[in-house]
Structure formats: C-alpha cells, structure tokens
Amino acid sequence: MWHRPDAFRRSLRLAVALVLALPLLPERVEAAPQRVVSLNLCTDQLAMLLAAPGQLRSVSWLAADPRSSVMADAARGYPLNRGGAEEIFALRPDLVLASTWTRRETVNLLRRLGVEVVELAPAQRLDDIAPAIREMAALLGREAEGEGIARAFTERLSALRSAQTGRTAAIWEAGGYTSGAATLSHEVLSAAGLRNLAADEGLAGGGYLPLERLVAAQPDLILSSAPWPGASRAEDLLRHPALVALMADTAGLMLREADWVCGLPQILEAIEDVKDAGTR
C-alpha cells in the first residue's frame, strides 16, 4: 500500500528529529559498587571513611591494629582479610581496592578471574590527600561525601601550615630508621615549620641516619615511637647512652605512628602534635 507523500515526509521528519535528540538524552548513571573489598591499610581507612552502610564488605587485618590504623575500632566491625586472591574471590566482590604496592600476583590473579581491581597510589605529599579522598569517593559513588571531607581537610591544612622557624627536627626510630625528603613525614615536619634533618643530610625516602650524625647535628626536636611488644636488637639502639644524653637536652615527641602512615585527614593531628612539641 502506497503512503501519501505528505504523511511520509512527516514520518521522516519525526524520525530525523528523534535521532538528532539522542545525544541530548542524559547518559546512564553507572550503579555504585555494592560489594567492595579493600586489601591495603590506606585504602581500608579511606573506604571506611567514605563507604555507604553495607557497601564495604572486608578490610585488611592491619586496619584493626591500633599501632598502624587510626580507625582500628571501626575496622573490627568488618570481616578482616589477609589479602590472598582465593580468599578475596570467595567474597564475591564487585570492586577490589588495592595499592600500587599490593602483591602483583594477587592483583593479576583477581583480574584474570574477572574481578575489577583498582590500584591507588599512596599519598607522598599532603597535597595528594584531598585528590585521593575525591578519587575514592568517585569509585564508591559517594562524590558529595568525599567533596565535603576533602574541602574540610584542605581548609584545616591551610590554617595549620606554618612559616619555617629555622628549627630542626629528626625522626629517629628503631635501628636508626628515619624519613627523608619525598615522604609524608617530611611534609608533616615542613607544615609544622621545621626542617627535616634527614633531608638536610641528603636522604630521600625512608632510610637510616647513623647515631653519630644525629648527635653531631644536635636537632631541636627528636621524634620517636614507643617500642613494640617483645624485644629487638634494633630497639636497643633507642636506649644508647649517647642518645639518652642528647634527648635529655632536646625536646622530644613520642609519635602516634598510625597518624603518620597513610594520607588521611587524621594526619592533621600529627602536624598539630609536632607544632606543639616544636615550640617547647
């Protein structure tokens, strides 16, 4: 049956109009993941900070250790994992959060099994933290919550940052371990207005500062941490007579290690602690 020409033209115009309108339709919003598992201490805590109730299904066992985690109490409310690929796969996650430091064999095996794994780089600078919060929030579909936390962090960090005082601080832990330039610890000291002795000595990243150089430098502030349970030869160095004598004449601060480990809003507490100690 033949169509009337005018009816055909109207149908054609309608079809063209519908096709042209397609790009104007809103894009489909992808559903947020509902079974999220985290394998890394730092992604654990960012996820706990941002996840919706019931969205995060497991975090690493380190998240429940108060020596390394500022959210240990919250972590005990989740099933804890040891980061094994088989263990994680059995949880049926639709998203796995890992670090760029997570074991490659675990990440690769999970991906071969069809599991989505996102690797997040650890924060190396204070200015990396707000973007990391926003990145995690986007992965979880919690952008509004992430934006609020990121803005509050940035504002408080700006208020805390101090001009350089010329005073020197040294982080000195078991075995003489310290943190030089290009570390979060260095950034904390700088934000508190202090020079990092390890960076002045040319160290970048984590490393060791000989006791002789520490004593010779006579820093204004020494930061150390409480011994772990048990005994170790590395911690014996913290009781060396030369160090004891130096610390008798030097301001000291006992680190809350968990505050310094990850790029979280709680690192602002470390800056406040160092500022207070540096003015004594």
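Could you list, in sequence order, all residues of region 257-268 that are more than 19 Å from Glu173 (Cβ to Cβ) and either part of a helix (DSSP H, G or I) or open to solvent by 60 Å² or more (accessible area, probe 1.4 Å) (or both)?
Of all residues in region 257-268, those more than 19 Å from Glu173 (Cβ to Cβ) come to 263-266, 268.
Within region 257-268, Leu268 is the sole residue that qualifies.
The set of residues from region 89-125 being part of a helix (DSSP H, G or I), surrounded by fewer than 16 Cβ atoms within 10 Å (Cβ to Cβ) and aliphatic (A, V, I, L, M) comprises just one member, Ala90. Condition (residue is more than 30 Å from Pro219 (Cα to Cα), open to solvent by 10 Å² or more (accessible area, probe 1.4 Å) and not in a helix (DSSP H, G or I)) applied to region 126-147: is it met by at least one residue? Looking through region 126-147, at least one residue is more than 30 Å from Pro219 (Cα to Cα), open to solvent by 10 Å² or more (accessible area, probe 1.4 Å) and not in a helix (DSSP H, G or I). Determine which single condition Glu147 fails, assuming it passes every other condition in (1) more than 24 Å from Thr43 (Cα to Cα); (2) free of Cβ contacts under 8 Å to residues at least 40 places away in the same chain. With respect to (1) more than 24 Å from Thr43 (Cα to Cα); (2) free of Cβ contacts under 8 Å to residues at least 40 places away in the same chain, Glu147 is out only on (1).
Part of a loop (DSSP other than H, G, I, E, B) and open to solvent by 60 Å² or more (accessible area, probe 1.4 Å) - does that describe any residue in region 234-250? Quick ask: steps written out before the conclusion?
Here is the first cut: in region 234-250, the ones part of a loop (DSSP other than H, G, I, E, B) are 240, 249-250.
After this cut, where a residue has to be open to solvent by 60 Å² or more (accessible area, probe 1.4 Å) as well, the list is 240, 249.
Yes, that holds for at least one residue.
Of the residues making up region 28-61, those that are more than 16 Å from the chain's Cα centre (by Cα) and assigned to a loop (DSSP other than H, G, I, E, B) are Arg28, Val29, Glu30, Ala31, Ala32, Pro33, Gln34, Arg35, Ala52, Pro53, Gly54, Gln55.
For region 186-210, what are the residues that are under 24 Å from Asp276 (Cα atoms) and either touching a Phe, Trp or Tyr at 6+ places or on another chain (Cβ under 6 Å) or open to solvent by less than 20 Å² (accessible area, probe 1.4 Å) (or both)? Can you show your working first?
Kept after step one, since they are under 24 Å from Asp276 (Cα atoms), are these residues of region 186-210: 186-200.
Matches in region 186-210: Val188, Leu189, Ala191, Ala192, Gly193, Leu194, Asn196, Leu197, Ala198.
What number of residues within region 151-175 are surrounded by fewer than 13 Cβ atoms within 10 Å (Cβ to Cβ) and either of a type outside the set (D, E, K, R) or over 23 Å from the mean Cα position of the chain (by Cα) (or both)? Outline the logic, then answer.
Residues of region 151-175 surrounded by fewer than 13 Cβ atoms within 10 Å (Cβ to Cβ): 155, 158-159, 163-164, 166.
Imposing the further condition that a residue be either of a type outside the set (D, E, K, R) or over 23 Å from the mean Cα position of the chain (by Cα) (or both) reduces the set to 158-159, 163-164, 166.
Result for region 151-175: 5.
If you check Pro66 against the conditions, is it under 30 Å from Ala192 (Cβ atoms), open to solvent by 60 Å² or more (accessible area, probe 1.4 Å), in contact (Cβ under 8 Å) with a residue 40 or more places away in the chain and out of contact with any Lys or Arg (no Cβ under 9 Å at 6 or more places or on another chain)? Judged against the criteria, Pro66 is a match. What about Arg213, is it open to solvent by 40 Å² or more (accessible area, probe 1.4 Å) and out of contact with any Lys or Arg (no Cβ under 8 Å at 6 or more places or on another chain)? Here the answer is yes, as Arg213 does meet what is asked.
The values are calculated or read from the model by the stated rules, or taken from the named source; none is laboratory data. Fair warning: this is a prediction, and the values are worked out from it, not measured in the lab. Note: ideal-geometry Cβ built from the backbone for every residue, glycine included; neighbour counts use all protein chains shown. Remember, those area values only see protein heavy atoms, side chains included, never the ligands or the DNA or RNA. Shrake-Rupley method; radii C 1.70, N 1.55, O 1.52, S 1.80 Å.
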